[in-house]
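Following: one structure in structure tokens, then a few remarks.
No lab work stands behind these numbers, since they all come straight from the coordinates. The shown structure was predicted, so the numbers you read here are calculated from the model rather than taken from an experiment. Note that each Cβ is placed from the backbone with ideal geometry, even for glycine, and that neighbours are counted across all protein chains shown.
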Amino acid sequence: MRFVCPAYEQARGAFALQVGLTITASWWLKELPGSGGGDACVEVTLPGAQAITVPAPPVYAPPGPILFLPEVANPQQAVPVATGQAHDLGCAAVVVNVEPGDTDLPPTLANAGFRRHCDYYEGAIRSV
């Protein structure tokens, strides 16, 4: 099973762990006010990372796509450039995928104004 839980819903996240799911990824978000109008499906090469612009889920109704970084090899290089390029590309936000156990990326993201937005849980559910 795959389960997505907003980071602020701590009780739901704790329940997911209790029934046997494990966190497989966390997405960190930085919204870019005043930006928007860009195109989705644009591949972007950044120093220390690859990225792509993707359409945001309609429920959020942002004014533009999201710049998504699925993997970051060098956070100190990639994160500042990603934020600047996202704005130039008309993206409404930047989302960075963080794998469990990554201790370098979260502090860099937090210092750059990102917040942990949601966690992805996977596994077989067990009875509690």
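Estimated at 0.36 nm per residue, the fully extended path between Ala61 and Arg12 surpasses their Cα-Cα distance by 15.2 nm.
Compute the Cα gyration tensor for the stretch 7-110, then decide on rounded, prolate or oblate, letting a ≥ b ≥ c be the square roots of its eigenvalues: rounded whenever a/c is under 1.5, prolate when a/b is larger than b/c in the other cases, and oblate in all that remain. Don't jump to the answer; show the numbers that get you there.
Working: a/c = 2.30, a/b = 1.42, b/c = 1.62.
Because a/c hits 1.5 or more and a/b fails to exceed b/c, the stretch 7-110 counts as oblate.
In the chain, the DSSP-assigned H stretches of four residues or longer account for a calculated mean residue ellipticity at 222 nm of -7000 deg cm²/dmol, using -39500 (n - 2.57) per stretch and the full residue count as denominator.
Comparing Gln10, Ala25, Cys91 along the charge dipole axis of the chain, the residue lying farthest to the positive side is Gln10, per the Cβ-charge model. Only Cα pairs under 8 Å and 6+ residues apart enter the sum, and on that basis the relative contact order of the stretch 1-97 stands at 31 percent.
Evaluated with a Cβ-only charge set (Lys, Arg +1; Asp, Glu -1), the stretch 27-116 carries a dipole of roughly 260 debye about its Cα centre, given to the nearest 20.
Protection proxy ranking of 76-86, 48-58, by the mean of other Cβ atoms within 10 Å over each peptide's residues and highest first, is 76-86, 48-58. Can you give the net charge of the other residues whose Cβ lies under 14 Å from the Cβ of Gly48, counting K and R as +1 and D and E as -1? That sum, taken over residues with Cβ under 14 Å, equals -3.
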